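Report on one structure; see the data block that follows.
The values are calculated or read from the model by the stated rules, or taken from the named source; none is laboratory data. Since this is a predicted model, take the numbers as computed values, not measurements. Glycine gets a Cβ as well: all are built from the backbone with ideal geometry, and neighbour counts include every protein chain shown.
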Amino acid sequence: MSNSLSKRQSDVLYFIKQFIQQNKIPPSIKEMCSHFGVSSTNTIYEILQALEKKGHISRGVKGTSRGIVILGETAQATPTQVQSIPSYIKQLTIIGDGHASNPLSVFMQSRGQIAIDTRVYDITPKQQYFAAIVPDDALSPDGIKQNDYAIVLQTNTAHDTDIVIVLMNDQTLIRTFYKNGKEAELTASAKGFPKIKLQPKDDSIVILGVVKGVIRVL
């Protein structure tokens, strides 16, 4: 590997591996900048770009933090090795706009894919998952902020206190689901977002899934 990488690239790759081993999640760009005493994030981005090009890592969607995945241990990355994805990496569709009258429409307007390390996120084999861009700061006190990527288990049902993603007409929302007997509502933890009552047989609101994790955007 030392023949294919510069010293700085090798140092960064080693740091990423050690960070994942110790923390069970990849480091953010800011954490790498801090560790190496680098003030410009562009320097780290360029190194990550080189590591990805040489087949050592995958960065998923550009602009996300903690989306780095270690791909290989070989000294030289051939095109076949670059394209080889470990079994623990899962590509999730990033849903787009849609309407509650046709919930599957969000997949027809896909915004691409994101690579997820199933060793890091709570993803169960044989179940369907997708990703979604968090539309607002309604759950920011809970650590889910606008423009984050939500990792979602695809299901049209939810349990009390689940964080769900819904289509309300043509608007995508992520809220906490509360159920009390036959009554259910969607709530935000941040101020300024009204509660949304869920009425039986109301087809203007459809549950798309339950949020299982979040990838932070820089």
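Just to be sure before I move on: is Leu153 outside the structural domain of Ile57 (by TED's automatic domain parsing) and within 23 Å of Tyr88 (Cα to Cα) in the structure I sent? Yes. Screening the range 162-186 for residues that are touching a residue at least 60 places away in the same chain (Cβ under 8 Å) and loosely packed, with under 14 Cβ neighbours inside 10 Å and picking the one that is farthest from Pro200 (Cα to Cα) gives Asp170.
What are the residues in the range 136-152 that are surrounded by fewer than 20 Cβ atoms within 10 Å (Cβ to Cβ), under 14 Å from the mean Cα position of the chain (by Cα) and touching a residue at least 40 places away in the same chain (Cβ under 8 Å), if any? Correct list: Gly143, Lys145, Asn147.
Taking strands (runs of 3 or more DSSP E) as the structural unit, those lying wholly within the range 150-206 and holding at least 3 residues that are among the β-branched types (Val, Ile, Thr) correspond to 163-168, 171-180. Residues in the range 85-118 that are modelled with pLDDT under 80 and loosely packed, with under 13 Cβ neighbours inside 10 Å: Ser87, Tyr88. Is it true that some residue in the range 8-31 is crowded, with 16+ Cβ neighbours inside 10 Å, more than 25 Å from Tyr88 (Cα to Cα) and of a type in the set (A, V, I, L, M, F, W, C)? Looking through the range 8-31, none of the residues is crowded, with 16+ Cβ neighbours inside 10 Å, more than 25 Å from Tyr88 (Cα to Cα) and of a type in the set (A, V, I, L, M, F, W, C).
Applying a threshold of 6 Å to beta carbon distances and a minimum spacing of six or more residues, or different chains, the list of pairs starting in the range 205-218 at a residue that is over 15 Å from Asp137 (Cα atoms) and modelled with pLDDT under 95 and ending at one that is among the aromatic types (Phe, Trp, Tyr) and surrounded by fewer than 21 Cβ atoms within 10 Å (Cβ to Cβ) reads Gly213/Tyr121.
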